[in-house]
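Visitor: Attaching a single structure in structure tokens format; questions to follow.
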Amino acid sequence: MKLPRRFFQPLATGAPAPFRELPVKLERMIHFVPPHNDKVRARVPELAGTVDVVLGNLEDAVPADQKEAARKGFVAMAQATDFAATGTGLWTRINALNSPWILDDLFTLVAEVGSKLDVVMVPKVEGPWDIHYVDQLLAQLEARHGVTKPILVHAILETAEGVANVDAIACASPRMHGMSLGPADLAASRGMKTTRVGGGHPDYRVLSDPAGDAPRASAQQDLWHYTIARMVDACMANGLKAFYGPFGDFSDAAACEVQFRNAFLMGCAGAWTLHPSQVAIAKRVFAPDPAEVAFAARIVAAMPDGTGAVMLDGKMQDDATWKQAKVIVDLAKLVAAKDPDLAAVYQL
Ligand code: 1VU
Ligand code: MG
């Protein structure tokens with residue numbers, strides 16, 4: 001374990017110093033774009049103003065014979081649009097560290113558009129050693145190509161080994177931005193018996209006790225609760241952000257919304273959107289409810305220095321509920337700064 005002083009030193013001569021604090025950004029959705037698909041890529045300039053993050057995906061879902069086209073498409077996409085002008089993040093998902101494509105992914109992207117790249121999402125992270133490798137390589141490439149803003153790293157939590165090492169991954173480097181749940185690869189890695197991408201499963205349920213001849217109530221449970229809880233704790237304990245990953249059934253907007261909302265309530269900052277129809281869902285879910293914002297603002301106003309105990313509408317408020325209220329008010333302010341409609345509703 002490095003001492004804090006050494007932890008924050010650049011890993012290559014000439015590389016930028018790592019951030020001490022994460023830049024504060026609204027990241028309700030990480031919108032996936034297949035950069036080898038010319039038709040979708042052509043929509044990116046228009047799309048960029050409507051999402052918080054555009055991610056050019058180079059990994060799974062890109063056919064092996066299109067990897068180079070995806071890389072080139074990403075560079076073209078990054079050059080064609082001024083993402084920073086709309087406060088939109090530009091991310092990429094690189095190929096896995098054991099794949100034949102990873103070196104060319106990072107060498108090409110940092111050389112060509114390193115100064116525009118905010119975050120590199122790394123798939124199938126199994127332990128801190130994977131983050132250390134990417135950290136060192138990015139520092140060398142930043143130094144070589146004169147990149148002055150550190151490129152952050154986001155890990156996908158999608159292997160059983162990764163979940164076992166989630167705390168060590170979270171504190172592996174000051175470059176860490178956050179983590180996303182990868183439910184499809186994780187299900188396979190764990191031997192879970194599902195073909196779904198995220199969401200529940202009709203057979204994962206509990207049954208009420210028998211009571212005579214009355215039919216027994218049965219309720220579906222959330223397959224991802226445990227993993228999301230571990231991910232949120234590991235991230236928040238280290239000042240990182242946690243995200244729900246993909247929800248693959250585009251035809252079931254209601255189930256997507258419920259799954260995203262559970263993640264939001266448990267502490268996640270956003271989710272992936274794979275299709276334009278999911279963007280509105282993420283916008284609805286990852287902004288606090290106006291009634292909650294109004295009540296949270298009353299709590300903050302009732303205890304200006306955040307201490308003491310007061311009653312509001314019959315409910316006790318104290319230092320702890322003030323902190324809960326602050327989470328909601330701070331997020332509402334971040335949303336309001338970007339969304340004039342919600343700014344009017346929140347009235348902060
Ligand atoms: O109306 P138009 O024809 O002009 O446009 C189509 C389509 O091109 C467009 N569209 C998108 N635009 C921006 N971003 C997107 N991600 C996107 N997806 C589609 O929207 C219009 C309607 O599309 P559609 O309903 O006809 O859908 P398509 O059959 O065209 O596309 C479906 C796929 C799945 C191919 C497409 O949505 C896509 O590639 N999404 C991203 C998939 C991805 O990145 N997967 C990897 C992450 S998940 C993972 O790794 C674990 C499972
Ligand atoms: Mg995956």
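All of the numbers you see were taken from the coordinates with simple rules; none came from a lab. Quick caveat, the model's predicted, so the values are computed rather than measured. Cβ coordinates were reconstructed from backbone atoms using ideal geometry, including for glycine residues, and neighbour counts include every protein chain displayed.
Visitor: In straight Cα distance, which aspartates and glutamates are under 16 Å from Lys326, not counting same-chain residues fewer than 8 positions off?
Guide: Cα-Cα hits under 16 Å: Asp289, Glu292, Asp305, Asp318.
Visitor: Which FRET efficiency value, to the nearest 0.05, do you get for Glu161 and Val197 by plugging their Cβ-Cβ distance into 1/(1 + (r/R0)^6) with R0 = 25 Å?
Guide: Efficiency computed from Cβ-Cβ geometry: 0.75.
Visitor: Hey, rough spin-label estimate for Ala61 and Ala237, points 7 angstrom out along Cα→Cβ, what's it come to in nanometres?
Guide: 3.1 nm
Visitor: Taking 0.36 nm per residue of separation and subtracting the Cα-Cα distance, what length does fully extending Arg190 through Gln9 add?
Guide: 61.5 nm
Visitor: Which of the trypsin sites (Lys or Arg not before Pro) across segment 142-248 are loop residues per DSSP, with 12 or fewer other Cβ within 10 Å?
Guide: Those satisfying the criteria are Lys193, Arg216.
Visitor: Using the basic label-point model (7 angstrom from Cα toward the beta carbon), what is the Arg43 to Ala280 distance in nanometres?
Guide: Taking the simple label geometry, Arg43 and Ala280 are separated by 1.4 nm.
Visitor: Also, I was wondering about something else. Can you give the Kirkwood hydrodynamic radius for the chain, in Å, rounded to one decimal and based on Cα pairs?
Guide: Numbers: mean 1/r = 0.0464 Å⁻¹.
Kirkwood hydrodynamic radius for the chain: 21.5 Å.
Visitor: For Lys323, list the lysines whose Cα falls under 17 Å from its own Cα; do not include residues on the same chain fewer than 8 positions away.
Guide: Answer for Lys323, where 17 Å is the Cα cut-off: Lys315, Lys333, listed by chain and number.
Visitor: Near the amide H of Met121, under 5 Å away, which other amide H atoms are found, from residues 5 or more places off or on another chain, if H is placed in the peptide plane?
Guide: Residues meeting the amide H criterion: Thr92, Arg93, Ile94, His154.
Visitor: Also, quick follow-up: Would you mind checking the tilt of helix 67-80 against the longest principal axis of the Cα atoms of the chain, expressed as 0 to 90 degrees and rounded to 10?
Guide: It works out to around 80 degrees.
Visitor: So how do Lys315, Lys333 line up by other beta-carbon neighbours within 10 Å, fewest first?
Guide: Lowest to highest Cβ neighbour count: Lys315, Lys333.
Visitor: For segment 125-138, just list the computed ³J(HN,Hα) in residue order, Karplus coefficients 6.51, -1.76 and 1.60, θ = phi - 60°, integers in Hz, with x standing in for Gly and Pro.
Guide: Karplus values, whole Hz, x for Gly and Pro: 6, 9, x, x, 4, 5, 5, 4, 5, 5, 4, 5, 5, 4.
Visitor: Give me, ordered by chain and number, the residues 5 or more places off Lys241 or on other chains with an amide H under 5 Å from its own placed amide H.
Guide: Gly178, Met179
Visitor: Taking a point 7 angstrom from the Cα of Ala168 along the C-beta vector, which residues in segment 119-147 have backbone N less than 19 Å away?
Guide: Counting only backbone N, you get 122-136.
Visitor: Which three extents, in angstrom, do the Cα atoms of segment 1-103 have along their principal axes, listed largest first?
Guide: Answer, in whole Å and largest first: 48, 34, 24 Å.
Visitor: Work out the FRET efficiency for Leu22 and Asp209 from their Cβ-Cβ distance, taking R0 = 51 Å, and round it to the nearest 0.05.
Guide: 0.60
Visitor: Continuing with the same structure: Taking θ = phi - 60°, what integer Hz values does the Karplus form 6.51 cos²θ - 1.76 cosθ + 1.60 yield along segment 150-161, in sequence order, with x for Gly and Pro?
Guide: Each residue of segment 150-161 in turn: x, 7, 7, 10, 10, 9, 8, 8, 8, 9, 4, 5 Hz.
Visitor: Go through segment 166-179 residue by residue and turn each phi into a ³J(HN,Hα) via Karplus (6.51, -1.76, 1.60, θ = phi - 60°); whole Hz please, and just put x for glycine and proline.
Guide: Result, rounded to whole Hz: 4, 5, 5, 5, 4, 10, 6, 7, x, 7, 5, 8, x, 9.
Visitor: Cα-Cα over 20 Å: which of Lys72/Lys116; Lys72/Lys283; Lys116/Lys283; Lys124/Lys241; Lys193/Lys241; Lys72/Lys241?
Guide: Lys72/Lys283; Lys116/Lys283; Lys193/Lys241; Lys72/Lys241
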